[in-house]
1. Is there any pair with a first residue in region 135-151 that is touching a residue at least 24 places away in the same chain (Cβ under 8 Å) and a second that is outside any helix (DSSP H, G or I) whose Cβ atoms are under 6 Å apart and which are 6 or more apart or on different chains, and what are they?
2. Show me the helices (runs of 4 or more DSSP H) entirely contained within region 66-131 in which 2 or more residues are out of contact with any Leu (no Cβ under 6 Å at 6 or more places or on another chain) and open to solvent by less than 30 Å² (accessible area, probe 1.4 Å).
3. Provide a single number: the residues in region 108-122 that are touching a residue at least 24 places away in the same chain (Cβ under 8 Å) and over 18 Å from Pro62 (Cβ atoms).
4. Here is a list of conditions, (1) at pLDDT 90 or above; (2) part of a helix (DSSP H, G or I); (3) over 17 Å from Phe40 (Cβ atoms); (4) open to solvent by less than 80 Å² (accessible area, probe 1.4 Å), and Ile145 meets all of them except one; can you say which number that is?
5. Determine, yes or no, whether Leu131 is at pLDDT 90 or above, in contact with a Cys (Cβ under 8 Å, 6 or more places away or on another chain) and of a type in the set (A, V, I, L, M, F, W, C).
6. May I ask you to list the residues in region 137-163 that are under 22 Å from Phe63 (Cβ atoms) and out of contact with any helix residue (DSSP H, G or I) (no Cβ under 9 Å at 6 or more places or on another chain)?
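The values are calculated or read from the model by the stated rules, or taken from the named source; none is laboratory data. For clarity, every value in this text was computed on a predicted model and none was experimentally measured. Using ideal geometry, Cβ is built from the backbone for each residue, glycine included, and neighbour counts are taken over all protein chains shown. For accessibility, only protein heavy atoms count, side chains too; no ligands or nucleic acids. Shrake-Rupley method; radii C 1.70, N 1.55, O 1.52, S 1.80 Å.
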Amino acid sequence: MKTKSRSNSSERIFKKWNPLTIMQFVWLFGCNNIFFCKIFDVGLMTVEGDYWVFILCGILPPFLQFKSIERVKARAKRESTMIAELYTSNLICMAALVVGELFLLGGELNMAEFFLRETTVLVFWFLSLSLVLIYNYLWWAVCAINIFMVTFLYNRLWSWYLQSGGGQNLNARYVMIGAFLCAAGLSFVFIRYRIKKLFCEKADTGKQK
């Protein structure tokens with residue numbers, strides 16, 4: 001009986017701390033902190049590098065809500081409700097971040113640099129929302145690495161452009177906003193597709209029958 005209870009408890013621990021959960025935990029509490037501190041050249045655990053705190057506060061609730069496919073299916077919520085659950089906390093934290101940055105860095109950076117800084121974080125953030133609905137740990141890791149790479153290249157290319165004199169060009173800011181909107185749009189399309197495929201497909205077929 002003791003061996004059975006031990007094996008059951010170890011199985012529960014393994015289910016709780018499977019590879020996907022471990023990667024999500026490291027990504028939420030470590031990778032984002034290091035990534036943004038390096039990309040903006042600020043110290044770890046400083047006010048200037050606190051982007052990861054806002055991302056954590058926004059994206060952790062959806063990670064917990066959508067952690068189990070079975071639990072989400074059991075709640076039998078509408079597609080619009082699930083999208084709202086996923087976006088609400090993130091949009092609130094995004095707004096808080098931008099407003100806070102305006103007060104913190106508004107006088108230190110010119111508008112082009114400010115736009116680059118904020119759109120870099122928001123492009124990464126919107127693309128990262130898709131990770132909430134990926135349940136295969138290998139696919140999750142590949143997507144996370146690609147998101148980091150895309151964000152890094154975005155920031156480096158625009159930094160080079162602004163430093164070479166493009167900061168005076170108003171069109172550069174519009175293109176940055178366009179890139180941010182494209183990232184947000186791609187994220188929404190993917191999330192809507194995944195919600196339909198994972199949670200709404202069977203419900204819709206059941207209604208048709």
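1. From residues that are touching a residue at least 24 places away in the same chain (Cβ under 8 Å), the pairs are Trp140/Ile134.
2. On the way: elements: 69-75, 79-105, 111-128.
Filter on region 66-131 gives 79-105, 111-128.
3. Kept after step one, since they are touching a residue at least 24 places away in the same chain (Cβ under 8 Å), are these residues of region 108-122: 110-113, 115-117, 119-122.
Still in the running and over 18 Å from Pro62 (Cβ atoms): 110-113, 115-117, 119-120.
Matching residues across region 108-122 total 9.
4. The one condition Ile145 does not meet is (4).
5. Details: at pLDDT 90 or above: yes; in contact with a Cys (Cβ under 8 Å, 6 or more places away or on another chain): yes; of a type in the set (A, V, I, L, M, F, W, C): yes.
Here the answer is yes, as Leu131 does meet what is asked.
6. First, the residues of region 137-163 that are under 22 Å from Phe63 (Cβ atoms): 137-151.
Residues satisfying the conditions are Trp139, Val142, Ile145, Met149.
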